[in-house]
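Below is one structure, written out as C-alpha cells; the observations come after it.
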Amino acid sequence: MSASEKVLAVEGVSSGYGAATVVRNVNLSVGKGEIVALLGKNGMGKSTLLKTIMGYLPVQQGVISLRQQNVTREPPHRIAGRGVAYSPQAEAIFHDLTVRENLVLGMPDPRRFDEEFARLCEVFPFMKDRLAQRAGTLSGGEQKMLILARALMARPNLILIDEITEGLQPSVIDRLGSALLDERDNTGVSIFLVEQHIQFALRVADRWAVLKLGEIDDAGECAAPSAAARIANHLAV
Amino acid sequence: MSVLLLDIVTTAAILFTVATGLMIILGVMKLINFAHGAFLTIGGYAAYVATVAGWSPWLAIPFAALVGLALGLVVEYVIVRPLYARPLDAILATWGLGIIIGQLITIGFGREVQFVEPPISGAVEFFGLSYSAYRLLLVVVAMVIGAALTGLLYFTRFGLNARAVIMNEDLARGLGIDSTKVRLATFGLGAALASMAGALITPLISVDPNLGLPWLVNSFMLVLASGVSIPGLMIVSLLLGGAQVVVSTYISPIIGGLTIVVLAALILRIRPQGIG
Amino acid sequence: MTEETLASAKTAPATSARPRPEWQRVLRWGGLAVALLAVAPFVLDTYTVNILIRALFLAALALTVDILWGYTGVLTFGQSAFFGIGAYACALVFTHYGFGPDWAVLALVAGVVAAMAVGALIGWLAFYHGASPLYASIVTLALPIVLTQVVFAGGRYTGSSSGLSGFPTYYWDLETWFWVAGGFLTVVTCLAVLFVRSDMGRVLVAIRENEMRCAYLGIPVPRIKILVMTAMAGVGAVAGFGYAAFTNVVAPELTGFLLGTELLIWVALGGRGTIIGPVLGTVAIDVTSSYLSGSLPFVWKLLIGFAFVAVIVALPQGLLPELGKALRRLLRQTPPPSPVPELREKPPSNIVDHGRTPLFVEGVARNFGSLQVLQGIDFSARRGELLSLVGPNGAGKTTLIRCLADGMERSGGKVTIFGRELGRWPPEKCVALGIGRKFQAASIFETLTVAECLRIARFRLERFSVWSASPILDLPEAALRIVKETGLADRLDIEVRYLSHGQKQALDLAMVLALEPTIVLLDEPTAGLTKTERERIGGILTSLVERDRLSVLLVEHDLDFVRQISSRVIVMHQGKIVLDGSVAEVVDSELVREIYAGSGHEAAGVET
C-alpha cells in the first residue's frame, strides 16, 4: 500500500491520562477502503488509543495523520470535521434525545437527512417508524444499530468504533458486520475497529493487531489461516 | 382579590423575564453569572440612552439586547473562558466584572436616578378592573420569550447542539460540535436576554447604577430552584413570586422581600436538584 | 520482601536536628507585630490611626473568610452576618439595657453565642452528606440578606435603615483602641496560623482538595465543616463587637451581602489560603480606600474591580504568594523546607479474631432508575483471602465495591461486616467498621505533601492536635513498607502533585492501609503501572493476605495478575455473579473464556 492511500496513520504515538502513559509507541495505519481491527484484553489501552486519535487525550509523543494531514494536536470537533465518525464504547448516544436528533447530530449537512435516512432504512428497517422515539428507550441491540447508523449517515472517510459487539446477540452482531462490510464496499470508507470479539473481527476486518500493555504486540492479515489461533492465544486467559 | 391575582401573574412574568438570561448560561455552560445584575443595569441604561436620544421606546428594547450581546461575547472571550474548570471562581470573577460595569456606569452617568418612558402607559380595563397596561404587556413579553427560547432550544440546530453539549459534552465534541463556540454564543445570548430584561423593567422602576443587584439575587435563587428548565422557571416564578406578593400585601413588604430567597433555599435543601 | 531490606530502608534518623517548633516561629512574628503596633500610633496621624482601627477589626473578619474559603473550600458570602450580629449585640445592649463592664461582657457573650448558634444552624443546613459546594454558597448568600431585612424590620429597636449610633461606649484614647484592635488581630492571626499548620488544619485543606476521599478515610466532613463554621462565626462576632464599640455606629450594611462580597475580594487579592495575605490585604485596601474615596471614589472602586477579576483569572492564589516568590528570587533564597515527621512503625493492634466472617453479602442489588446494574449478589469473604472480582466492562464490579463502602449506595440486600450490619451508613462510618477502599484513579490531596496525606489517613485512629503538627508519623507495618519500598519515604516533604503516576497509586494504597482496615477493597490498583510496579503491588497484596490475614477484594482486568495472586475468584457478568471458586476452577473454565475473551454467545453456541 502506498503512503498516499493511508487514511489514518499513527506513528510512534504514546499517550495516557495526566502523567500516566497508557499507550506506548504505537505504529499503525488504515488504508483507503480498508478495515483494521485492534484486539486486546481489557485495560490494555485500546480505548485510550482511539481517544487519542480523536484528540480527547494529548499525544505525549509521535504523530497522527489523517489523509496526509498532521492532526496530532487537533481537538475532537476538528477531527470529526475531517470526516471521522467516532463511537465511544460507553455513553455513545444521547439517551434523552430522539432517534432523529441523534442521527442529525452526526451529520455535517442535515439537509441531506431524508436522502441518507432512506438509504439507511434499507440496512436497519426497524428505524423507519422510530424517529420520534427517545433513544434511551431503544433496546441494547437497537442502540448499537443507532450508533452505527449515525456513523453511516455522516458519510465519513473513516469510522472509528469502540467495541460495538459488546453484550449483543449473535444475530445482531451478524447484521452489524454485514452493514459495515456493505458500507465499505459501496462507499470505500475506511474502518478502524476496537474489538474483543475475535470471530467478528476476523469476519469484518482485512488486517488485525493486538495491543498488550499499551504496545502493539502482534499483527497480521485476517485472511491468514493462522490468524484466529494467534489472536486467541493473545487473548487467552 | 382579582387585583392580587393580576399582581401575582405580572410579578411572575417580570421575574421570569429577568431570570432567563441567567438560566440559559447556567443550563448550557454550568456557570453562574454574577454579572447578571450588571447586564440588567446595562440594559436599563441602554433604554435610558435611547430615550435621551429621542428614539421610540419600542426601539430601546432591541437596542439593549444588542448592547448586551456585544458585551457578552467580549466578556466570555476575555474573562469567562479561562474559568470553566473553576466554577466557584467563575462566580467571583463575574461578580468582579459586575463591580467594574457598575463603576463605569457611575463614572459615565453619575449616581443619579434616571427615568425611562414605557412604550405604552396608562391603565387598561381588564375584566372590569383597571390595571397597568405596561405590566400586562410584560406578561405577553414573558410568554413570547419563553416560547422563543423553547423554539430555539428544540427546533434549531444551535439548540440541538447546545442540548447535546449539556447532556454529554465529550460525545458532542466527537460528533463535530465545537463546544467552545456553543458556549460563546450561549453567553452572548444570556447577556442579551439580561440586558433586554433590564430595558423592559426600567419603565417600572427607575435607572441607577445598582439597579441589577436585588434582581440578581432573586434570579439566582429562582433559577436554582427551577431545576434550570424553562417550565420549571415559569412554575417557581409563579409560586415564589406569588408568595412574595401575598406576603408583601398581607404581612409586610420587608418580609416580602425575603420570601423568594428563603423559600428557594428551603426548596433546595429538600430537593437539591430543584423542582424541575 | 525480607527483614534486611526493611531495616536498611529505614530513613530519617532520630538524631537529625528537628526544626524549631511552629509556635516559636509564630511567637517571634507575633512579637514583631506587637512591637510595630505599639509604636504605630505615635508615628501615624490621627486620621490614619482612626481608619486603621476599623481595618484591623475587618481584617480579623477577613481571616475567618480565609479559613472557610481559602482553607476549607467553602465559598461563603455570609461572614458579614456574624460581624453584624456581634456589632448589633454591642449596640442593642448599650442602647437599650445598660452600659458598664458587666454589660459589656454580657453583650459580647450574647453576641458570640448568638453568632455561633446561627453559624451552627447555617452549617447544619449547608453541610450534609452529599451536599453540593454551591449549596453552602447559596445559604451563606441568603443569610446576610435575611439578616439585613430583619434589622430593617426591627423598627426603632434596631434603628431600621439608619442603624443605631451615639450609644454609650468606651471613649478611650485612640491609642488604646488601636492597641485593643491590634492586639486582638495579632492574637487571632497567630492562633489561626498555628491552627492551619496543625494536623487538624491540614484536614481542612484535605477537605478542600477532595471531600469524597476524606469521607472514605473516615473523616466526618460535615461535622468538621459545621464546627469550623461555628467557630468562625464566633470570631467574626467578636470583631463586629469591637468595631461597633469603637465606631459607636451600627448600620444594616454591617450585616449585608455587599460587605460579605467585599471580604471575598480582600481575601482573594491578599492571597486565599495564606492567613497573612488576607489580613494584610484587608488593612491595605481598606486604608487606601479611606484615603482615595474622597478624591477618586469611583475610579478607586473600579481599580479594585479590575484587580479582583485579574487576580481571579490569572493569579488565583492572590498577591501575597507572588510577592513572596519575587522577594525570594531577589534575595536568592530557597523556600524553607517543610518539616518532615519521623516515620515510625506502629505496633500491630490486637485485632480480636471474632471468629466471625469479615464480609457477608446477601442479595445486594443496585438499580439506576429502571436499569438493574446489580442483582442478587451473594458471597462472603474470609480472613486471609484475596478475592478477585473479574468480568467484562459494565459487569457491575465497581458498583459492587461502591455498595460495600457506602451504605447509601445499594438499592437492596444486606451487607454484614464481622457480624455487624452495614445500615444506610455514609462512607466515614463504613470505614469505622474496618473497610478501606482504594479508588481506581489515584485519589490523593494534590497540594498536600506525602507526609501530610499519610497523616490525614490516620485521622480516625489518632487524636489530631488543633495547634501543632506532630513530629512523628506512626504507620502500620504494611503502609510503612509501601512508603519505603516505593521511595516515598525520601520524598515526604514533596507535594503529591509532583509524584509520578506509580508513586501516586502507591501513596493512595499506603493511605488505605494506614487506616488499618480489616477488609480492603481495591479497584484496579495496577492500571497504568509498569511491570515492576505491578509486581511490587502483587507482593504487597500477597503479604497483606498471608501475613496480616486481611480480606482483600480486588477488581482486576489483567487475568494473568489475578491468576498469580488470588486465592479465590468471583466472575461477574451483567450484574450477577456467574462463578465463584478457586483460581483453577474459575480462570480455566469455559464460561469465563466465553464471557471474558469476548467470544460471546456465538462461541458458546458453537462450542457447547
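A few points about this structure:
- Over segment B:1-124, the reciprocal of the mean inverse Cα-Cα separation, the Kirkwood hydrodynamic radius, stands at 16.3 Å.
- For chain A, radius of gyration divided by Kirkwood radius, i.e. Rg to Rh on alpha-carbons: 0.95
- Net charge, C:Ile53 excluded, C-beta distance under 14 Å - Lys, Arg +1, Asp, Glu -1: -3
- The spacing between segment A:123-166 and segment C:446-511, judged by their C-alpha centroids, is 49 Å.
- Where trypsin sites (Lys or Arg not before Pro) in DSSP loops with at most 16 other Cβ within 10 Å are excluded, longest remaining stretch of chain B: B:112-276
- Long-range Cα-Cα pairs in segment A:1-116 (distance over 19 Å), rounded percent: 53 percent
- Each helix, a run of at least 4 DSSP H residues, gives -39500 (n - 2.57); summed and divided by the residues of the protein assembly as shown, these come to -18000 deg cm²/dmol at 222 nm.
- Under the Karplus curve 6.51 cos²θ - 1.76 cosθ + 1.60, θ = phi - 60°, whole-Hz ³J(HN,Hα) for segment A:138-147, x wherever Gly or Pro sits: 6, 6, x, x, 5, 4, 5, 5, 5, 4
- Grouping the Cα pair distances of segment C:297-339 into 5 Å bins from zero gives a pair-distance distribution of 6, 19, 17, 17, 16, 11, 8, 5, 2, 0 percent in increasing distance order.
- Looking at the protein assembly as shown, the DSSP beta bridges with both ends there are about 55 percent antiparallel.
- Against the empirical 2.2 N^0.38 Å (N residues), chain C has a Cα radius of gyration ratio of 1.15.
- Size descriptors for the protein assembly as shown: radius of gyration and Dmax over Cα atoms are 32.8, 102 Å.
- Within the protein assembly as shown: Cβ-based charge dipole about Cα centre, in debye rounded to nearest 20 (Lys, Arg +1; Asp, Glu -1): 1020 debye
- Equivalent-ellipsoid semi-axes of segment C:200-285, from the Cα gyration tensor, Å, largest first: 30, 16, 11
- Rg to Rh quotient for segment C:53-122, alpha carbon positions, Kirkwood Rh: 1.04
- Since only A:Asn42, A:His77, A:Asn157 are under comparison, the one whose Cα sits farthest along the positive direction of the charge dipole of chain A, derived from C-beta charges on Lys, Arg, Asp and Glu, is A:His77.
- Assigned charges on the beta-carbon of Lys, Arg, Asp, Glu; segment C:424-553 dipole about Cα centre (debye): 260 debye
- Projected label distance in nm at C:Glu446 and A:Glu91, using a 7 Å step from Cα toward the beta-carbon: 1.9 nm
- Amide H contacts under 5 Å for A:Ile164, placed H, 5+ residues apart: none
- Residues whose placed amide H lies under 5 Å from that of C:His573, excluding near-sequence neighbours: C:Val578
- Among C:Val552, A:Val13, a tally of other beta-carbon atoms within 10 Å of each Cβ gives an order, fewest to most, of A:Val13, C:Val552.
- Estimated from the Cβ-Cβ distance and a Förster radius of 30 angstrom, the FRET efficiency linking C:Val34 and C:Tyr170 is about 0.90.
- Interchain or long-range residues, amide H under 5 Å from C:Ile494's placed H: C:Val450, C:Ala451
- The 3J(HN,Hα) values that the Karplus relation (6.51, -1.76, 1.60; θ = phi - 60°) gives for segment C:476-491 are, in residue order, x, 3, 5, 5, 4, 5, 4, 4, 6, 5, 9, x, 5, 4, 8, 10 Hz. Gly and Pro appear as x.
- Within straight-line cross-link reach of C:Lys429, lysines at Cα separation under 18 Å, skipping those fewer than 8 residues along the same chain: C:Lys225, C:Lys414, C:Lys438
- Cα-centre dipole for segment A:117-237 with unit charges at Cβ (Lys and Arg positive, Asp and Glu negative), debye to 20: 400 debye
- Here the Karplus relation 6.51 cos²θ - 1.76 cosθ + 1.60, evaluated at θ = phi - 60°, turns the backbone of segment C:255-264 into coupling constants of 9, x, 5, 5, 4, x, 6, 4, 4, 4 Hz, with x for every Gly and Pro.
- Largest-first principal axis extents, alpha carbons of segment C:106-264, Å: 54, 36, 28
Each value in this text was obtained by applying a stated rule to the coordinates, not by laboratory testing. What you are looking at is a predicted structure, and each value in this text was computed from that prediction instead of being measured. So basically every Cβ, Gly included, is an ideal-geometry build from the backbone, and we count neighbours across all protein chains shown.
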